[in-house]
Amino acid sequence: MQNNLYMRLKKYVYIKPPQAITVRDVAFLTGPEELVSSCNQIIVQHQTKAADKIRVIEALTIIQIIQQYFPNVDIQLLGPNQCIIHKSKKKQTSKLMLVLLVWLLLFIGSAMAIMNFHYDVSMQSVQQRLHYLITGEEAEFPLWLQIPYSIGLGLGMVLFFNYLFKKRLNDEPSPMEIEMYKYQQDIDQYVQYYENPLNQKSNDKS
């Protein structure tokens, strides 16, 4: 009797070497309960300390390994065809001096960018002209315009990035998170092709 087994690979996993990588680590299975329990224990690879930081496991490889133990199982693949395995690193405590240095560089860089922008567009003269058009009086420093403008500039950046310190303002992703997601997608596509053993074999033959 042929049993049906449905498999969906995880997009990426973090494994701490040395560790035996089982089907449970890299895929979700559904089907007969006893069959799923047995297949989840099958070892796919051994992650050693000398292994690459990033490795790719093909769904075809996992199917072949499972069918060595259960030749009568019909495996239906759902979702992605590869699983990216990252070697997990030990968590390092952040160094205070390094954090302060990075913060200082970002602060100076952003301040210079804002000041150069305002200098290029002659923001002070624009505010002086606006003050004259509204009040009919000339003022070198129209603070009633400059102070709200400065506060609004900071609040606008907070609303744009959707974060106030560690607190998210709403459930929508920020533009930075979207760009980081796109960047991670590009990295995953690159790794799935160039770190895939099957692709390496085909390139060697050609």
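Each value in this text was obtained by applying a stated rule to the coordinates, not by laboratory testing. Keep in mind it's a predicted model, so treat the numbers as computed, not measured. Don't worry about glycine lacking a Cβ; one is built from the backbone with ideal geometry, like all the others, and counts go over all protein chains shown.
Would you compute, from DSSP H runs of 4+ residues alone, the mean residue ellipticity of the chain at 222 nm, taking -39500 (n - 2.57) per run and dividing by the full residue count, rounded to the nearest 500?
Details: 8 runs with 109 residues, N = 206.
Per the formula, -17000 deg cm²/dmol.
Based on the Cβ-Cβ distance of Lys16 and Val158, what FRET efficiency does E = 1/(1 + (r/R0)^6) give at R0 = 45 Å, to the nearest 0.05?
0.75
Mind scanning Lys53/Lys167; Lys95/Lys167; Lys11/Lys87 and naming the pairs with a C-alpha gap bigger than 24 Å? Write down the numbers at each step before the final one.
Values: Lys53/Lys167 32 Å; Lys95/Lys167 22 Å; Lys11/Lys87 14 Å.
Those over the limit are Lys53/Lys167.
So how strong a dipole does the chain carry about its Cα centre when Lys and Arg Cβ are +1 and Asp and Glu Cβ are -1, to the nearest 20 debye?
Working: 20 positive and 18 negative charges, 210 e Å.
I would put it at about 1020 debye.
Which length gain, in nm to one decimal place, applies between Asn4 and Met115 when the Cα-Cα distance is subtracted from 0.36 nm times their residue separation? Walk me through the intermediate numbers first.
Details: separation 111, 0.36 × 111 = 39.96 nm, distance 6.51 nm.
Contour length minus Cα-Cα distance gives 33.4 nm.
Fewest to most neighbouring Cβ within 10 Å: what's the order for Arg168, Arg55? Show your work: numbers first, answer last.
Working: Arg168 13, Arg55 19.
Sorted ascending by nearby Cβ count, the order is Arg168, Arg55.
Match the structure shown to one of the listed values (1) 1.24; (2) 0.97; (3) 1.02 of Rg/Rh (Cα atoms, Kirkwood Rh), computed from it, and give that label.
(1)
How much FRET efficiency would the formula 1/(1 + (r/R0)^6) give for Ser38 and Tyr190, where r is the Cβ-Cβ distance and R0 is 30 Å, rounded to 0.05? Write out the running numbers ahead of the final one.
Values: r = 35 Å, r/R0 = 1.17.
For Ser38 and Tyr190, the calculated efficiency is 0.30.
Whole Å is fine, so just give me how far the alpha carbon centre of region 63-126 lies from that of region 148-181.
Taking the Cα centre of region 148-181 as reference, the centre of region 63-126 is 17 Å away.
Okay, which of region 115-145 sit inside 15 Å, backbone N to the point 7 Å along the Cα-Cβ direction of Ile151?
Answer for this model: 143-145.
With loop defined by DSSP as not H, G, I, E or B, and exposure as at most 16 other Cβ atoms within 10 Å, which is the longest segment of the chain clear of exposed GluC sites (Glu not before Pro)? Mind dumping the intermediate values first?
On the way: sites that count: Glu137, Glu138, Glu140.
That would be 1-136.
Give me the distance in nm between label points sitting 7 Å out from Cα along the Cα-to-Cβ direction at Leu106 and Glu172, one decimal.
2.2 nm
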